[in-house]
Amino acid sequence: MGRLTAETRARNEAAIRAAMDRLLAGAIPPGGGCDLKTLAAEADIRCG
């Protein structure tokens, strides 16, 4: 996997922050928790 461009990094950061806000507001999806795995799934970030 190559390096992220500045644009991709900024887009990922924005997606993570938005997902974090939703989880902290209590919008936890069924079967999820307030954890990193759920955060990554909600932000649509692929983890290894």
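Throughout, read-outs are computed from the coordinates displayed, never taken from laboratory work. These numbers come from a predicted model, not from an experiment. Reconstructed Cβ throughout: ideal geometry from the backbone, glycine too, with neighbour counts over all protein chains shown.
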Just in the chain: which trypsin sites (Lys or Arg not before Pro) are loop by DSSP and have at most 15 other Cβ atoms within 10 Å? ARG3, ARG46
Quick one: dipole size for the chain, taken about the Cα centre, charges +1 on Lys/Arg Cβ and -1 on Asp/Glu Cβ, in debye to the nearest 20. 160
Using a 10 Å cut-off around each Cβ, can you sort THR38, THR5 from fewest to most neighbouring Cβ atoms? THR5, THR38
Per-residue [θ]222 nm for the chain (sum of -39500 (n - 2.57) over DSSP H runs n ≥ 4, rounded to 500): -18000 deg cm²/dmol
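Given Cα pairs under 8 Å that are at least 6 residues apart, what percent is the relative contact order of the chain?
40
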